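Quick notes on the structure that follows.
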Amino acid sequence: MVDSIEEDLMINLRKGMYLFLFIALAVSFGAAQVLTADQLKKAVPSSFFYSGENAPVQMRNSVGVKNSAGNLVLAGLVDTSGYATAIAEKYQGFLIAEGKVSIEGSPLDVGAYGFGFTKDGKFNVMNVAGGEVLSVTAHSDEKVAHPVPLKLEKAGSEYRLYAGKKYVTLKVD
């Protein structure tokens with residue numbers, strides 16, 4: 001009888017260990033993760049070329065996420081003081097996508113882009129020559145108590161890219 005109890009205990013213990021390993025693997029392989037400050041320092045460029053100018057990147061206002069395949073999606077604000085007013089009004093930062101990403105459900109190809117939140121509530125993505133690639137309606141989150149220039153926050157299976165109280169959702173595959 002003691003052997004039977006010990007045998008049942010060992011079987012249940014093995015089942016529990018297999019379940020734990022399965023869950024751990026599913027979490028580690030199936031989800032993207034927000035990059036830490038150290039990871040950002042290694043990945044974020046110090047400057048970004050856009051529309052004929054090279055602008056310094058604001059490292060403190062840079063964010064990123066790595067998907068399960070190791071591909072990065074990086075975003076950061078840049079110093080646009082050297083740009084003409086018309087460009088600076090629509091271009092606030094860079095967006096680099098190494099893998100599949102969609103913004104508000106609209107797919108964005110792998111590449112390097114400029115982006116900006118506009119006064120009329122849009123989030124625009126432009127190629128490095130300044131041509132519009134994608135334009136979506138941004139959301140406003142009035143619950144944000146302490147808005148910051150740029151942050152990335154997990155929201156279910158997606159991420160929210162915030163600029164102050166404005167945000168768009170990103171899906172990183």
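Ranking request for peptides 148-158, 67-77, 111-121: highest mean number of other beta-carbon atoms within 10 Å first, then the rest in descending order.
Numbers: 148-158: 14.2, 67-77: 18.6, 111-121: 16.6.
Output ranking for 148-158, 67-77, 111-121: 67-77, 111-121, 148-158.
Shape verdict for region 33-172, please, from the Cα gyration tensor: rounded (a/c under 1.5), prolate (a/b greater than b/c) or oblate. It would help to have the intermediate numbers written out before the result.
Details: a/c = 1.31, a/b = 1.14, b/c = 1.15.
Verdict is rounded for region 33-172.
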Taking the mean number of other Cβ atoms within 10 Å as a proxy for protection, how do you rank 37-49, 160-172 from highest to lowest?
-> 160-172, 37-49
Among the lysines, select those whose C-alpha is under 28 Å from the C-alpha of Lys166, and discard any that sit fewer than 8 residues away in the same chain.
-> Lys41, Lys42, Lys66, Lys90, Lys100, Lys119, Lys122, Lys143, Lys151, Lys154
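Sort 132-142, 50-60 by packing, meaning the average of other beta carbons within 10 Å per residue, with the highest value first. Don't jump to the answer; show the numbers that get you there.
Numbers: 132-142: 14.0, 50-60: 15.8.
Peptide ranking by packing, descending: 50-60, 132-142.
Calculate, in nm to one decimal, what Val34 and Asp79 gain on full extension: separation in residues at 0.36 nm each, minus their alpha carbon distance.
Full-extension gain reported as 13.8 nm.
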For Asn61, distant residues with modelled amide H under 5 Å away | Leu77
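Taken together, the values in this text are just the output of simple stated rules run on the coordinates, not laboratory data. Everything quoted here is computed from the prediction, not taken from an experiment. Backbone-built Cβ (ideal geometry, glycine too); neighbour counts: all protein chains shown.
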